[in-house]
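For reference, the structure discussed in these notes is given below.
A short reminder: the numbers here are calculations on the coordinates, not readings from a lab. Please read these numbers as outputs of a predicted model, since none were measured by experiment. Here Cβ is always computed from backbone atoms with ideal geometry, including for glycine, and neighbour counts include all displayed protein chains.
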Amino acid sequence: MPPAAGAVWPRLRPRLRACLDLAPRGGPVADVGSAHGRLALALVRREPSLAVVATEARAGPAAELRRGVAASAGIVIAVGPGLAPLRGRPLRGAVIAGMGGRTIVAILADGDDVVQGLSWVLLQPMQGTDLLHTWLRRHRFRLRAAARPVEGGRTYPTVLVAPPCG
């Protein structure tokens with residue numbers, strides 16, 4: 001049965017719901033380290049014409065992701081570390097959530113060529129938030145929006161940023 005008007009399936013817990021709510025419409029977009037693919041699915045269900053590239057660093061997790069999104073229209077799965085599988089793909093934005101701030105910084109730094117081609121990046125570190133925010137300020141990313149969802153008694157700072165211009 002399709003979701004009710006305004007509903008997004010699958011149901012998302014508060015942490016991923018905040019990502020969905022902050023992610024701008026229009027694409028294509030990437031869900032880096034997509035894991036189970038719930039956010040990628042929710043993005044496509046919210047906006048059926050959206051193209052989403054869901055990535056996983058290794059083949060094993062990518063196989064799990066394939067089973068999770070099971071031939072959903074609009075979702076392409078790419079395998080490789082960080083932003084590497086996104087090189088050469090036209091993207092409007094990327095979500096990097098569910099990993100530590102230090103890992104997110106490494107992904108952004110190693111994929112600077114990809115980041116510079118994006119209009120927005122949505123970040124949700126599991127820890128190391130101060131380190132990530134310091135790095136973003138130092139590299140002149142501009143804050144566009146923020147949320148602080150609470151799930152399981154824990155707060156997950158979530159930021160939508162714009163990469164620095166050229």
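Spin-label model, Arg137 to Arg154: label points 7 Å out along the Cα-to-beta-carbon direction sit 2.5 nm apart.
Spin-label model, Asp110 to Arg11: label points 7 Å out along the Cα-to-beta-carbon direction sit 3.7 nm apart.
Multiplying the residue separation of Asp21 and Val76 by 0.36 nm and subtracting their alpha-carbon distance yields 17.6 nm. In percent, rounded to a whole number, the relative contact order of the chain is 21, using alpha-carbon pairs under 8 Å and six or more apart.
Per-residue Karplus couplings for the stretch 22-36, computed as 6.51 cos²θ - 1.76 cosθ + 1.60 with θ equal to phi - 60°, are listed in order as 7, 5, x, 7, x, x, x, 10, 10, 10, 7, x, 5, 6, 7 Hz, Gly and Pro entered as x.
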